[in-house]
1. Stretch Thr254-Ile52 to full length: gain in nm at 0.36 nm per residue minus the Cα-Cα span?
2. How would you rank 284-290, 126-132, highest first, on the average number of other Cβ atoms within 10 Å across their residues?
3. Distance between the C-alpha centers of the stretch 47-70 and the stretch 217-245? Whole Å please.
4. Find the relative contact order for the stretch 138-250 and round it to a whole percent, using C-alpha pairs within less than 8 Å whose residues are 6+ positions apart.
5. Counting only protein chains, not ligands or nucleic acids, how are Ser95, Ser317 ordered by accessible area (probe 1.4 Å), most first?
6. At 1.4 Å probe size, with every protein chain present, just tell me what the per residue accessible area of the stretch 142-228 comes to in Å².
7. Do me a favour and compute the ellipsoid semi-axes for the stretch 61-356 from its Cα gyration tensor, root of five times each eigenvalue, largest one first, whole Å.
8. Take the alpha carbon gyration tensor of the stretch 135-244, find the square roots of its eigenvalues, order them as a ≥ b ≥ c, and report rounded if a/c is under 1.5; if not, report prolate when a/b exceeds b/c, else oblate.
Amino acid sequence: MPQRNMDQALEFDQNMTQVRRPRDDQENHEGTDADEGQGTTTSNRFYTQYDILAPFTKADAEKICMEPFEYTRSLPGKNTVGKVIESLRPWLNISDRSAAVLTDVMTMLQNSSLMLDDIEDGSQLRRGAPAAHVKYGLSQTINSTTYIIAKVVSEVQTHLRLECAKVLSEELQTLTLGQALDLNWTFNKTCPSVNEYLVMIDHKTGGFFRLMLRIMEIEANATPNDELRHLITLLGRYYQIRDDYQNIASDEYTTKKGFCDDLSEGKFSFPLIHLLEHSPNASTLHKMIYDGQPVDEGKMSEEAKSYIISQMKEVGSLDYTQEVLSGLFSSIWETAERTEKAMGENMGFKALCQSLKL
């Protein structure tokens, strides 16, 4: 069939697609004709026209997409990203513009990571308020984090040196691998060893700090310093183990995240790993956490949590965690001083460390 005839047969206009809709009075009229035995006749109909062949127009949907992220970012936080970047600038002399872009990029990554973490861990609270997925739903929150990561890539490619995009890709993969270990242990209810846990930290929390450092090295055109790299690794370990301890022992954390929410989420934190490695009741405690309660729904009773904490105190898990943190802090301080000998004095970084010390 020739193309013109085919178009006519399909009632297809090359500029517009037309959708027919009968009028009510026409429908009634056609029914009357049929009743009178006159047969069905073709009636005039309204045409609703749609520009099916219009060129691509970007949707005005960014505000919708950003809303879960903006909500999370608006919640009161500690501005760790900005503090770490500023504390490293005496060693890595980046421009104010690069510092501003990096701070913005890392803030986007941090908050999008928190949004995903809350979904994956089943957390209901974030910084004392409903988590983004509680307020906006799972689907919108996941979509928002995907959009934010795409924006991060775009910002790095547009405003920072070419090599920074490669570093971003590498460390995002590393961060995801660290999260995979954490989620896998929880899903399979398998307690990692302390060494395995440290590997996870180095990929996840440590990877976040390392990403900042590596981009700053590139922007400062600086040769990587092994002592500084190790210092950032130690800082990541301290930060995560400190968070594990605070999740159990801090009233502030209870207010912002709920009472021992790591236990509700079935997460293997540093004190819990020590407990399960050293308690004579390890098997019973493991069943209490992972078999006796629907931890995937965050419904472990406060009584059960209190009992587990009492066992941590009895076995010495909390004291041991404090000892580890104290040793880590000493190592961080010594490594910072060695770094100062090679790269110059940095009181700002030491002040940051002091602010994190328990």
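The values are calculated or read from the model by the stated rules, or taken from the named source; none is laboratory data. All figures in this text were calculated on a predicted structure; none of them were measured in a lab. As a convention, Cβ positions derive from the backbone with ideal geometry for all residues, glycine included, and neighbour counts pool all protein chains shown. Ligands, DNA and RNA are excluded from the accessible area calculation, which covers all protein heavy atoms including side chains. Shrake-Rupley method; radii C 1.70, N 1.55, O 1.52, S 1.80 Å.
1. Full extension from Thr254 to Ile52 adds 67.3 nm.
2. Working: 284-290: 16.9, 126-132: 19.6.
Final packing ranking: 126-132, 284-290.
3. 42
4. Values: 74 pairs, mean separation 28.9, N = 113.
That works out to 26 percent.
5. Values: Ser95 60, Ser317 0 Å².
Highest to lowest solvent-accessible surface, that is Ser95, Ser317.
6. Values: 4170 Å² over 87 residues.
Per residue, the stretch 142-228 has 48 Å² of solvent-accessible surface.
7. Values: eigenvalues 211, 124, 48 Å².
Semi-axes (√(5λ), whole Å): 32, 25, 15.
8. Numbers: a/c = 2.48, a/b = 1.14, b/c = 2.18.
It comes out oblate by the Cα gyration axes.
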